[in-house]
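Asks: Dropping a structure here in structure tokens format, bear with me for questions.
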Amino acid sequence: MTDFVSLPFYDLFHENGHVPGIREKLPSLLTGVRRSILEIGAGSGLITTSIADWTPAEIFALEPSAGMRGMLLSRLNARPELLKRVTVLPCDALSVDLDEPVEAMVMINVLYALDPEYRRRLWPVLATQLEPGGLLVFTWRDGGPPAPSPLEELESCQVGRHTYTVLSEITESDGERCEARYVYRVTENDKVISEEEISGYAYRPVRDVIEAELAGAGFVRADAPDGLLAWRLGLQQF
């Protein structure tokens, strides 16, 4: 699995990045979910706390990164009414083993990090942790991986006297995989205060591939807003 995230930058850029769109589109899919939700790749909890606002369900927030879990727990601590309703799971998604199947599963900006072999192993595991007819929803972008591109600025944010800037480049693109390099830079005027580089592979499968994998694991396609894919665990396999 690939993780391109620099922890100090995470909330600064995600809160004004994909998160507002998810908060607009996801609630309608979770209507009627009242008992339990598994969130895979909960990150710092930006979506976790929103899910808790949309539904009364118990939430299992799976996050393998210790740094992210620290941010998530801090966010939950600021919402004491959630401390008994959200369980933070430190395991990898392939190792998840809940006491009983959940009603819904949510994966936001996680699919890109899963290499094909891991992804193919994941769907059957999730099927064992989801109740019959239960919902699986994840973010989706059509079109396969991006073409190679030079290093360019994605976004910047002013915090006091410092400017936090994210830059990225695509160095290689082949099949559903691309190699990306991210630069996380903090500056004051023209002085670089700190800089961190993270490189690795990301994955953007085409729709036919995902549909075949999920159908093979017993999932049936459901309606979802643009930018999301939704699936129900088929009753016929039980």
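Asks: Give the percent of DSSP beta bridges with both residues in the chain that are antiparallel, rounded to the nearest 5.
Replies: Details: 40 of 58 bridges.
Once the DSSP bridges in the chain are tallied, antiparallel ones form about 70 percent.
Asks: For the residue pair Glu24 and His162, what label-to-label distance in nm results when each label sits 7 Å from Cα along the Cα-to-beta-carbon direction?
Replies: Computed distance between label sites Glu24 and His162 equals 3.1 nm.
Asks: Please report, as a whole percent, how much of the solvent-accessible surface of the stretch 86-186 comes from carbon and sulfur atoms (probe radius 1.4 Å). Each step should come with its number before you reach the end.
Replies: Values: 2130 of 4700 Å².
C and S fraction of accessible area: 45 percent.
Asks: Sticking with this one: Using the Karplus equation 6.51 cos²θ - 1.76 cosθ + 1.60 (θ = phi - 60°), what ³J(HN,Hα) coupling, rounded to whole Hz, does each residue of the stretch 202-216 give in order, writing x for Gly and Pro?
Replies: Those phi angles translate into 10, 10, 10, x, 7, 4, 4, 5, 5, 5, 5, 5, 6, 4, x Hz.
Asks: Now for a different question. Quickly rank 80-91, 105-116, 215-226 as a protection proxy: mean count of other C-beta atoms within 10 Å, highest first. Show your work: numbers first, answer last.
Replies: Details: 80-91: 13.2, 105-116: 20.0, 215-226: 15.0.
The packing order, highest mean first, is 105-116, 215-226, 80-91.
Asks: Note the full-extension length gain between Ala147 and Thr128 as 0.36 nm times their separation in residues minus their Cα-Cα distance, in nm to one decimal.
Replies: So the extension gain works out to 3.2 nm.
Asks: Taking 0.36 nm per residue of sequence separation and subtracting the Cα-Cα distance, how much length would be gained by fully extending the chain between Glu155 and Asp53, in nm to one decimal? Display every interim value, and only then the final one.
Replies: Details: separation 102, 0.36 × 102 = 36.72 nm, distance 2.87 nm.
Answer, rounded to one decimal: 33.8 nm.
Asks: Moving on. Distance in nm between label sites at Arg85 and Glu169, each 7 Å beyond Cα in the beta-carbon direction?
Replies: Using points 7 Å along Cα→Cβ, the separation is 4.7 nm.
Asks: Something else now. Suppose all protein chains stay in the model; what accessible area per residue would a 1.4 Å probe give for the chain, in Å²? Working shown, then result.
Replies: Details: 11570 Å² over 238 residues.
That works out to 49 Å² per residue.
Asks: Per DSSP H run of n ≥ 4, the term is -39500 (n - 2.57); total these for the chain, divide by its residue number, and report the mean residue ellipticity at 222 nm rounded to 500 deg cm²/dmol. Each step should come with its number before you reach the end.
Replies: Working: 6 runs with 61 residues, N = 238.
Per the formula, -7500 deg cm²/dmol.
Asks: When the Karplus curve 6.51 cos²θ - 1.76 cosθ + 1.60 is applied with θ = phi - 60°, which whole-Hz ³J(HN,Hα) does each residue of the stretch 220-229 get, with x for Gly and Pro?
Replies: Here the 3J(HN,Hα) series is 10, 4, 10, 6, 7, x, 3, x, 10, 10 Hz.
The values are calculated or read from the model by the stated rules, or taken from the named source; none is laboratory data. Nothing here was measured: the structure is a model prediction, and the numbers come from that model. Backbone-built Cβ (ideal geometry, glycine too); neighbour counts: all protein chains shown. Remember, those area values only see protein heavy atoms, side chains included, never the ligands or the DNA or RNA. Shrake-Rupley method; radii C 1.70, N 1.55, O 1.52, S 1.80 Å.
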